[in-house]
Each structure stands twice: as C-alpha cells, then as structure tokens.
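Enquirer: Supplied in structure tokens, the structure appears directly below.
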Amino acid sequence: MSSATSTFRRERWAWGSASAGIVVVGLLAVLALRPTFFYIDDTASGAVGNWLQLGRLLREGQFVPIVLHQWMAGNYPVEGQGGLWNPVQMAINFIAPSVDNLSLLAAAVKIGFAVVLALGVYRVALVYGARPAWAAVAAASAPFAGFTLFFEQPSWVTSLIGMAWVIQAWASAVRYVRGQSGPIPVFVFLYLAISVGYVHAALMAGVTAGAVMIGEYIHTRQLWPSLRLAAVSVAAAACGAVTFLPGVLSSAVTWRTGQEGTLNDNFLTAPWSETITASIPSAVTSIESWAGETTTAPVTYIAWFLVPILAFVGWQRATSSFKELSAPAILLVFLLLFTAGPSDIGQIRWPARLLPFVAVVALIIVVTLVSRFGTTRPARPRIVAAVTITVILVLRAMSSGPQFASRHLMWGLLVVALGAVVLVLAMRRDQRVAAALLMVLVIPIALYQVGNYVPVLSSWALPTSQSEARDEFPDFDGTTLQLGTRTLTDTPSSGTKGTDNLPWRSQVYGNYAKDLDLDYVNAYTPVGHQKFAGLLCMEYDGSTCASALQSVFNTDLYTGRTFADLMLLDRVTVQKTQFPSLQNFAVPPGWHWVPAPKSSGDQIAVLERIDGPISAQQGTVSATVNATATPVSSSSNHEEVTVSSPAGGSVVFARLAWPGYTASLNGQPLTVQGLGGTFVYVDLPAGTTDAALEITFRPPGQRLGLAGMAFGIVLLAVMVGENIRRRRRDQGAGASPTTTVSL
C-alpha cells in the first residue's frame, strides 16, 4: 500500500470518527440538559415496553410470540414493529430486561443508531465525491435535523432505526453498482431496514434502491450493474416480507381495514414553502401536528449553513456532475413531492415523517457540491447573494412564527457572522478547519433548540426505573383488566415522577404494564382489533370508556357466561375519576370489592373474584356448551384438550379470534370461528367422545414469508457467486482493481 493511499485511508477514518464523536457528545449534552428527552411519548409508552417483554419472551425461547392475556395488543407478528426477524433489534430486546434505568436504555439505543445514521451519511457523501471533511459535516449534522431531533429522537425510535439502515444501504448500493463492493452489505442493510417493521423505512428502502438503479444507469449508461442491484433488492425484500405479511393478512379484523383510500386533511404534511427556513435554527412551522396548526418547534431546520452556502458553488462547473448526482436528485424530488401530501395514502399516513430523509439527502447534495465545486470567486457577489438568501430566510421564518421575531433576527445575524468566520477560515487557512468549525457548532445549536422549545410530543412522566416502578405498584397476580382513560389522569409534561397526582402507582396505560412485568389486558397497539375494541371501547393506549364496566360483565347469550368469565379475568381495576358512582354498580355474582392498595393514592377501586384467580388454570378453555373439555397441554401458540359432546356442542377459548388459528379433532380439521368476532371457538360434532381437540396459532402468511426468505437467500447466493465470477474474470483479463477505502 502506497503512503498516499495510507494517508487517504487515515484521513477518511479520522473524519468519520470525528463525525461520530460529535454526534455522541452532542446527544449526551442534550441528555444532560434534559435527562428524559429520549424517553417521552411513543418511546416511553410503547417501544421500551415492547423491548422488555419481547426480551423476556426471547429468553424463554419464544421467537414469534403472541401474548394471550394482552388480547388485541399481544399479537406481535401483526404489530410488526417488534423486530421479531431483525437480529439487531432482537439483541436490543434480549438485553433490555437487564437494564433498570429505562431512560438511559432508550438514550443509549438512540445515540447508537444516530451514530449508525451519521456514518451512513458520511459513506454516501464519500461515494458521490465529497471530501472527507465535508462528508463529516453532513454526517454530524444529520442526527440533529429538526424533525429528527424533535420527533424521532424523543419518541419515534423505530423511524430513526429504519432510516439509519436505509442510509447505510444507500452507500453500499452505490459501491456495489460501481463494482467496489459485493452484494452482501447491500442485502444486509436493506434487510435490516425492512425487518424493523416500520412501513416508511420499508418504503424508503425500495425508493432508495430504485433511485440508485436509475441514477447509476443515467450516469454510466450500463444496465447490468443496476440489474444486479435490483436482484439483491428483491432478495432482501423477499426475506423481509415475513415481517409485514401477518399484518397485511390480518388487516380485515383490525383498525387498519378501510384505510385503502387516499385523503388529505393536512395533518403532518409539509408543503415546500415550509422547508424554506431550513437554515434558521429558531424557525417554527405551520405544519399541523399534535401541537396544533402550528408546530412550535424548528422541525424543518436542517443546518444553518445549508442554504446560504449554495452561493459559493461554482454552478457552471457543477453541471458536469448532474448525471452522477442524479440518484440523490431523484430522491430529493420524490421526498419533496411525498412530504407535501396527501396526508393518507392507504395505510401510509403522515408524510412529514419523511422530513428526516429530506434533510439527509439535502445535506449530502450540498456538501458534495461545495466539496467538489466550492469557490469564493468572485467574492463580493457571492457574499451579497449569501446575505440576501439569509434575509429571505429570516423574513420567511417571521411569517411562520412572528411571535419569535426577535429570535429569528438574532439567528439571521448569527448566520451572517458565523458564515463570515467560516468563509475567512476557508480562504485564509484550510477548508478542513472551516469544516471542523461547522461540525462543532452543531452541538450548541442543538442545545439552544432543545433548551428553548418544548417537545412537540407529550411526556407521560413515566417512571424510568423498573425496580422503583415495581416497588411502588401493587403486585397484582393473575390477569387484570383496567377500566379508565388516560385523559382523566394528571400527567403534565412538567410532572414529576413519584408525585401523588400521577397515575403510575395504580394505573397502567400504554405499555407500562410490560415495564412492571404484570399481566394486564391493557397495552399499547398501533393496529388494534375492531371487535374487541368495540367490546370495551378500548383505545390504542389501553384507555376505555364509561360503559366498559357494564359491558365486561354483560352475559353472552350463547354461553351464558359473562365476558369477564370468557376472558378468564381475575381482577378488574376501576378508575374512580371515570366511575364516580361505583356504589350504584351491582356487583356480579362471584365478585367482590377489595381494598385498594395504599400506594394507589385512592385512584382506583378493585373488583376481584371471591374464589381467587382462575387465569392460572391449565389451558384457556373459558366456556363449553353441551360439551366437556379437559386440558392436556397449553402454550400461547398451541393447545390440546380432550373433549366429549354426545349431542354436539361448542368449546370457547380465552383467545382473541385473530386470523391464523386452525383446529383439528382427532387429526381431522375443524372450522375455527369467532364468538361475536372476539373469542375463538369450535363446534364439536355429535358423538364426540374423549377426542383430542387441538388449537394452533400460526401468524397468517408466515409459511409464505419463510418461503420468501428461502427464495431471497438462494437469490443472494446466486448474486454472490456472480460477483465472485465477475471479479475473477476481471482479474484474469488483467484489469487493475480500483483502489477503494470503505467505512
């Protein structure tokens, strides 16, 4: 290896490491400023609880689990976002139960994937010709772009993870098409992006691969390299299909049914005019979100230098690179069109979720242009142009957020001043010094934004310690149904853990019961089950309505049992705020009120079975009609019962009637039905005597998904073989291998 090559390698690794270091230091500084910044909304209420429960199940040897007592929230294959087929997510799940501080767990995972994202941006910028210093600027800036900082870092961790893998796949795809790498890295990153289970990541994996195919063909006019990438992409998609098939094939019974149309209600859509202020750190936006019609946080911010620095690009020379940069250009056009709406395209909704990709692509394009075609000559008109651009940005920021006019003006002046410093460094010293300053400035700007703007998404003020949460919560055994609604609890963003007004000593919403490792029906679900949700008017976070108390004790006409009996409930806890007149409630036979634990702060009333828990019984048979049933064996996915029914009857199970259940009687198939569309039951033929009834659950599409995975692996093996043969052929023909250095 020549000394020049060695020096080049060291430079690339040094700048890549520096960008990763800036990301880590910056996010640790954010964590120090706001210790629970990474643990709010969906991260606290959904993702971390899933990591904990899936980790416990994984340690027990359950790889594709369904958790029966959680009913509509326990079908993890349908949920899709548990990473059941993603080895990296499986490792996170496996480790999670051993980490007591859940806020630090979430922060560690997010910082780790922010580094993966940054290094992916760095690699992409390098393959398009950016110098290492400028590639590092884009890499350090990407995890701190506004939407990423205020939506994904605090809450939408699955989106962050998916984007990190997609960007890594992008870099490897370009290298593969250009013959600088093999098919395995592309396949691995694409598969990891798809198997995260986040539909927007899967969408962008396909769009990015397609853009690279088209862009590289435009650049080289060679079709076969793009076809090779297409084959590897198909292999990854085939292997990842098992992640989405259960959800798609179960959608008819979930909340997702009927979402096949297209509409635009402007919720989380980002018109192009909203991205004009991408270089003003204080600019808020008129994008409608949960914060209202104006999202009062700089969610469209990308980097303070991004737009003004375009004045220092030699555009006449840059036109020579347009073909080479056609893939990023295609991506940017797609993203701008997509994020502008409509708000719902079937089950793909809220297009502003792709604003982080807009930021990444814009950063890559800009640093590549500046790195390759940056110039200060003639200086005066370029400086005037940069200042003029900044003035326009400030005026646009003032129109979106006039209440922050003084902030916008301050940042306009700072952008001009900082830009002047960077320009002087670039002209009189070295562009690498200017790039280093741009990287370092990422941190104070992020701290300013986090310190001066409240989170867009809500903080549930959940306890961050597993052990402390369990110590303060009643140790309810058996299966518990909670009746109450989160909107009637005091969980302000400024709430303090452990104060008496917070519900977390007696109530569970979201996936808090998973933090506690208790068996509650209530849990977080993005998909739901229409019939079960209708039975208790249960919402995505486990909240229920005021009629649920009566509904759960209504009697099913066919079985003569209450729904509480059919669910094998041991206990019902009732939020007193929602049910202020409990003294008028007629307690059902077999149940009685028991004193609520002192730790509950008089927030709940507790209704339990007089004869004690029944959920611990073997098996899940909850009712029979003209039949007897004796349990033989039972697991979450399989159950065997010995049944008799001389005149014909039915056996009902405390299992939600998800698609995927099959039954057999002495080896002969039986039809599985849904009692009221909710409870699994089978009809037994007359003359049944001591017969073996077996119930099996297999996620719909799993066999097809496994077949697709086998096909994908075979196709990948073919492409690996093709790559080896091609390299040997090139070497045999005396071709000089291209010297490449990869990160």
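The values are calculated or read from the model by the stated rules, or taken from the named source; none is laboratory data. Computed from a prediction, not measured in an experiment: that's the story for all the values here. Counting neighbours? That spans all protein chains shown, and the Cβs are built from the backbone with ideal geometry, glycine included.
Enquirer: Quick check on my filter: what residues within region 329-385 are aromatic (Phe, Trp, Tyr) and either touching a Pro at 6+ places or on another chain (Cβ under 7 Å) or buried (at least 17 other Cβ atoms within 10 Å of the Cβ) (or both)?
Expert: Within region 329-385, PHE334, PHE338, PHE357, PHE373 meet the criteria.
Enquirer: Could you tell me whether PHE697 is within 27 Å of VAL527 (Cα to Cα) and touching a His at 6+ places or on another chain (Cβ under 9 Å)?
Expert: yes
Enquirer: Output yes when any residue across region 721-728 is hydrophobic (A, V, I, L, M, F, W, C) and either in a strand (DSSP E or B) or under 30 Å from SER250 (Cα atoms) (or both), and no when none is.
Expert: So far as region 721-728 goes, no, none of its residues is hydrophobic (A, V, I, L, M, F, W, C) and either in a strand (DSSP E or B) or under 30 Å from SER250 (Cα atoms) (or both).
Enquirer: Across region 328-376, what is the total count of residues that are closer than 29 Å to ALA435 by Cα and free of Cβ contacts under 8 Å to residues at least 12 places away in the same chain?
Expert: 1
Enquirer: Return the pairs, sorted by first residue and then second, in which the second residue is among the aromatic types (Phe, Trp, Tyr) and assigned to a helix (DSSP H, G or I), the first residue lies in region 709-733 and is more than 15 Å from PRO225 (Cβ to Cβ) and touching a residue at least 60 places away in the same chain (Cβ under 8 Å), the beta carbons are less than 6 Å apart, and the residues are 6+ apart or on different chains.
Expert: LEU716/PHE187
Enquirer: Just one of ALA138, ALA133 is crowded, with 24+ Cβ neighbours inside 10 Å, within 26 Å of GLU324 (Cβ to Cβ) and in contact (Cβ under 8 Å) with a residue 40 or more places away in the chain; which is it?
Expert: ALA138
Enquirer: Does region 42-62 contain at least one residue that is among the hydrophobic types (A, V, I, L, M, F, W, C), more than 19 Å from the chain's Cα centre (by Cα) and under 30 Å from ALA657 (Cβ atoms)?
Expert: Yes - at least one qualifying residue is present in region 42-62.
Enquirer: Looking at region 133-163 only, could you name the residues that are small (Gly, Ala, Ser), assigned to a helix (DSSP H, G or I) and more than 14 Å from the chain's Cα centre (by Cα)?
Expert: If the condition is that a residue be small (Gly, Ala, Ser), assigned to a helix (DSSP H, G or I) and more than 14 Å from the chain's Cα centre (by Cα), then ALA133, ALA135, ALA136, ALA138, ALA139, ALA140, SER141, ALA142, GLY146 are the ones that fit.
For every residue, the table says whether it meets (1) touching a residue at least 60 places away in the same chain (Cβ under 8 Å); (2) part of a helix (DSSP H, G or I); (3) surrounded by fewer than 24 Cβ atoms within 10 Å (Cβ to Cβ).
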{"site": "THR36", "(1), (2), (3)": "yes, no, yes"}
{"site": "GLN62", "(1), (2), (3)": "yes, no, yes"}
{"site": "ASN93", "(1), (2), (3)": "no, yes, yes"}
{"site": "ILE111", "(1), (2), (3)": "yes, yes, yes"}
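Enquirer: Of all residues in region 476-514, which are over 20 Å from GLN578 (Cα atoms), modelled with pLDDT of 90 or more and of a type in the set (D, E, K, R)?
Expert: Selection gives ASP477, LYS514.
Enquirer: In region 305-328, which residue that is surrounded by fewer than 22 Cβ atoms within 10 Å (Cβ to Cβ) and of a type in the set (Val, Ile, Thr) is modelled with the highest pLDDT?
Expert: Ranking the qualifying residues of region 305-328, first place goes to VAL313.
Enquirer: Suppose we filter region 152-206 for residues that are crowded, with 24+ Cβ neighbours inside 10 Å and among the charged types (D, E, K, R); how many remain?
Expert: 1
Enquirer: So LEU268 clears everything in (1) in contact with a Gly (Cβ under 8 Å, 6 or more places away or on another chain); (2) of a type in the set (A, V, I, L, M, F, W, C); (3) at positive phi except one condition, right? Which one?
Expert: (1)
Enquirer: Given the options LEU57, LEU27, name the one that is surrounded by 14 or more Cβ atoms within 10 Å (Cβ to Cβ) and without any contact (Cβ under 8 Å) to a residue 24 or more places away in the chain.
Expert: Only one candidate qualifies: LEU57.
Enquirer: A further question on this structure: Pairs, please: C-beta under 7 Å, at least 6 apart or cross-chain, first residue without any contact (Cβ under 8 Å) to a residue 24 or more places away in the chain and in region 293-305, second surrounded by fewer than 24 Cβ atoms within 10 Å (Cβ to Cβ) and not aliphatic (A, V, I, L, M)?
Expert: GLU293/SER286
Enquirer: Please verify whether region 660-669 includes one or more residues that are of a type in the set (Ser, Thr, Tyr), surrounded by 16 or more Cβ atoms within 10 Å (Cβ to Cβ), under 21 Å from THR559 (Cβ atoms) and in contact (Cβ under 8 Å) with a residue 40 or more places away in the chain.
Expert: No, region 660-669 contains no residue that is of a type in the set (Ser, Thr, Tyr), surrounded by 16 or more Cβ atoms within 10 Å (Cβ to Cβ), under 21 Å from THR559 (Cβ atoms) and in contact (Cβ under 8 Å) with a residue 40 or more places away in the chain.
Enquirer: So, one more: Testing ALA270 on (1) assigned to a loop (DSSP other than H, G, I, E, B); (2) out of contact with any helix residue (DSSP H, G or I) (no Cβ under 6 Å at 6 or more places or on another chain); (3) over 21 Å from GLY528 (Cα atoms), one condition comes back false. Which one is that?
Expert: Here ALA270 meets the rest and fails (2).
Enquirer: Now, a different point. Scan region 692-708 residue by residue and report those that are crowded, with 19+ Cβ neighbours inside 10 Å and aliphatic (A, V, I, L, M).
Expert: LEU693, ILE695 - these are the residues of region 692-708 that are crowded, with 19+ Cβ neighbours inside 10 Å and aliphatic (A, V, I, L, M).
Let's see how each residue does on (1) basic (Lys, Arg); (2) under 24 Å from ALA202 (Cα atoms); (3) in the same structural domain as ARG655 (by TED's automatic domain parsing); (4) touching a Ser or Thr at 6+ places or on another chain (Cβ under 6 Å):
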residue: GLY49; (1), (2), (3), (4): no, yes, no, no
residue: ARG56; (1), (2), (3), (4): yes, no, no, no
residue: GLN62; (1), (2), (3), (4): no, no, no, no
residue: GLN70; (1), (2), (3), (4): no, no, no, no
residue: VAL88; (1), (2), (3), (4): no, yes, no, no
residue: ALA91; (1), (2), (3), (4): no, yes, no, no
residue: ILE95; (1), (2), (3), (4): no, no, no, no
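Enquirer: Among the residues of region 534-590, which ones are polar (S, T, N, Q) and over 19 Å from ILE604 (Cβ atoms)?
Expert: Residues satisfying the conditions are ASN554, THR555, THR559, THR562.
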